[in-house]
Amino acid sequence: MKAIEISIILIFILLIFGAVLTSMEKSAEKVVEAAETDNMEKLTSEALDNLINNPGIPDNWNENGKGTPGLAIVNDDGQIVPNSVSYSKLIALGNDYDKLIYENSFDSKIHSSMELKPKDSIVSSVKIGENNEGENIFSLTRLVKCDFYKSYSLKDFESEGKCNKHHNQDEYGCNYFKVFEANLKKSDYYLLIDDSEKYDLSYIVDETSFDSADSWKTAISNRIYLNDEIEFYEDDTSAIVFVHLDKPNPKALLVSVPNDFDRNLLEYDYFRTNDCEFILKAWH
C-alpha cells in the first residue's frame with residue numbers, strides 16, 4: 001500500500017475518532033446539564049415547599065433577624081397554616097435574601113427570585129430576590145393563603161359577631177372592639193369595607209356606656225375613621241365600641257393601625273386573607 005493511501009486512511013481514522021470524541025463530550029455535557037437541572041429542580045421544589053409550610057425557627061425570626069427562615073402563617077390559635085405566606089416574613093426574607101436563600105438554602109449555586117401575586121384582589125404583587133434572570137429559567141408556582149396587613153385586623157364582619165342592641169344577625173352585621181384611652185394617642189381605628197359594599201351599607205357606632213339613638217349613616221367611603229366616634233364615660237379609661245351594619249355578613253373589617261400607617265394602604269383587601277400565587281424562579 002502506498003504511503004499516500006496510508007496517510008488518507010489515517011486521516012479518515014483521525015476524523016472519525018475526533019467525531020466520536022466530540023459526540024462523547026457533547027453527550028457527557030448533556031448528562032451533566034441534565035443532572036444539574038434535575039438537582040436544581042429538586043432543591044428549589046424542596047425549598048419552596050419548606051418555606052410555605054414552615055413558620056421558621058423561632059416563629060418570630062423575622063422580628064429579631066435571627067434563626068431559620070420560614071414563611072408560613074401561624075394563626076391566632078398558634079396553629080401553622082399549611083401552604084401560606086406571611087407578608088412580614090416575606091419582606092424580612094427579601095431584606096437578607098442573598099444570605100438566607102442564595103448562600104444558605106442554595107449553597108451559592110442557584111440564583112432565584114420569589115413573587116407573591118394576589119388573585120381577585122387590588123393588592124399589588126410583591127417580588128423579592130435577584131433581578132438579572134439567566135437562561136433556562138425553572139419556575140414553580142404554589143397556591144397559598146397570604147395575609148399582608150391582616151395582623152392589624154380586629155374583627156371580620158363576615159364571621160359571626162356580637163351585638164348590644166339585640167340585632168338579629170340574619171339581618172344585621174355587628175361587631176365590637178375594646179379601646180383604652182392611651183391607645184388613641186398611637187393608633188387609628190377604622191371601619192374598612194369592600195368597594196362593592198360602598199353606598200349599599202349603613203352603619204351605627206355606639207358604646208356600652210352610652211345609650212345612643214339609632215342614627216344610621218350611609219357608608220360613602222370604603223374607610224371610615226372611628227377615633228372621633230369614641231367617647232369615654234366619666235373616669236373610665238377604656239370603652240367597648242360596637243359597630244352595627246344593616247346587612248348580614250358584609251365584606252367589612254374593624255382595624256387598628258399605627259398613627260403613621262400609610263393611608264394609601266387602607267384598603268379592605270390588604271387586611272383580609274387573600275388567595276395568592278407564590279412563584280419561585282431559579283437559574284444557574
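Each value in this text was obtained by applying a stated rule to the coordinates, not by laboratory testing. All of these numbers come straight from a predicted model, not from anything done at the bench. With ideal geometry, Cβ positions are generated from the backbone for all residues, glycine too; neighbour counts draw on all protein chains shown.
Once you sort the root eigenvalues of the Cα gyration tensor of the chain as a ≥ b ≥ c, which label holds: rounded (a/c under 1.5), prolate (a/b larger than b/c) or oblate (the other case)?
Details: a/c = 4.44, a/b = 3.35, b/c = 1.32.
The shape class here is prolate.
Any chance you could list the semi-axes, whole Å, largest first, of the equivalent ellipsoid that the Cα gyration tensor gives for region 92-156, using √(5λ)? Intermediate values should be presented prior to the final figure.
Values: eigenvalues 150, 46, 19 Å².
Working through the eigenvalues yields semi-axes of 27, 15, 10 Å.
Where does the chain land at 222 nm, in deg cm²/dmol rounded to the nearest 500, when only DSSP H runs of n ≥ 4 count, each adding -39500 (n - 2.57), divided by all residues? Before the final figure, lay out each step's value.
Details: 3 runs with 64 residues, N = 284.
Rounded to the nearest 500, the figure is -8000 deg cm²/dmol.
Angle check, please: helix 3-53 long axis (alpha carbons) against the longest principal axis of the chain (alpha carbons), in degrees 0 to 90, nearest 10.
Between the helix axis and the principal axis of the chain, the angle is about 20 degrees.
Quick check: Cα centre of region 121-162 to Cα centre of region 247-274, how many Å?
15 Å
For an R0 of 30 angstrom, estimate the FRET efficiency from the Cβ-Cβ distance between Ser125 and Asn104 and round to the nearest 0.05. Don't skip to the end; give the middle numbers.
Numbers: r = 25 Å, r/R0 = 0.83.
My answer for the efficiency is 0.75.
Please work out the FRET efficiency for the pair His284 and Lys66, using the Cβ-Cβ distance as r and a Förster radius of 35 Å; give the result to the nearest 0.05.
Numbers: r = 30 Å, r/R0 = 0.86.
So the FRET efficiency works out to roughly 0.70.
Assuming R0 = 35 Å, can you tell me the calculated FRET efficiency for the pair Asp260 and Asn39, based on Cβ-Cβ distance, to the nearest 0.05? Before the final figure, lay out each step's value.
Values: r = 46 Å, r/R0 = 1.33.
Using R0 = 35 Å, I get an efficiency of 0.15.
Hey, fewest Cβ within 10 Å first, where do Phe261, Phe157 land in order?
Values: Phe261 16, Phe157 25.
In increasing order of surrounding Cβ atoms, one gets Phe261, Phe157.
Hey, got the dipole for the chain? About the Cα centre, +1 on K and R Cβ, -1 on D and E Cβ, debye to the nearest 20? Intermediate values should be presented prior to the final figure.
Details: 28 positive and 51 negative charges, 223 e Å.
With Lys and Arg at +1 and Asp and Glu at -1, about 1080 debye.
For each pair in Lys119/Lys198; Lys127/Lys150; Lys119/Lys186; Lys42/Lys150; Lys89/Lys162, compute the distance between the two Cα atoms and list the pairs where it is over 26 Å. Before the final figure, lay out each step's value.
On the way: Lys119/Lys198 21 Å; Lys127/Lys150 19 Å; Lys119/Lys186 33 Å; Lys42/Lys150 33 Å; Lys89/Lys162 32 Å.
From the list (Lys119/Lys198; Lys127/Lys150; Lys119/Lys186; Lys42/Lys150; Lys89/Lys162), the Cα-Cα distance tops 26 Å for Lys119/Lys186; Lys42/Lys150; Lys89/Lys162.
Going by C-beta contacts inside 10 Å, put Ile52, Ile91 in order with the fewest on the left.
Lowest count first: Ile91, Ile52.
Need one number: nm distance between label points at Asn132 and Lys186, each 7 Å from Cα along Cα→Cβ, rounded to one decimal.
About 4.4 nm separates the two model spin labels.
I need Arg263, Arg142 ordered by Cβ neighbour count within 10 Å, fewest first. Don't skip to the end; give the middle numbers.
Values: Arg263 11, Arg142 17.
Ascending number of Cβ neighbours within 10 Å: Arg263, Arg142.
If only Cα atoms are counted, what is the Rg of region 131-284, and what is its Dmax, in Å?
Expressed in Å, the Cα Rg and Dmax of region 131-284 come to 19.4, 70.
As an exercise, take the mean of 1/r over every pair of distinct alpha carbons in region 130-200, invert it, and state the Kirkwood radius in angstroms. Kindly include the intermediate steps, with their values, before the conclusion.
Details: mean 1/r = 0.0589 Å⁻¹.
After inverting the mean inverse Cα-Cα distance, the result is 17.0 Å.
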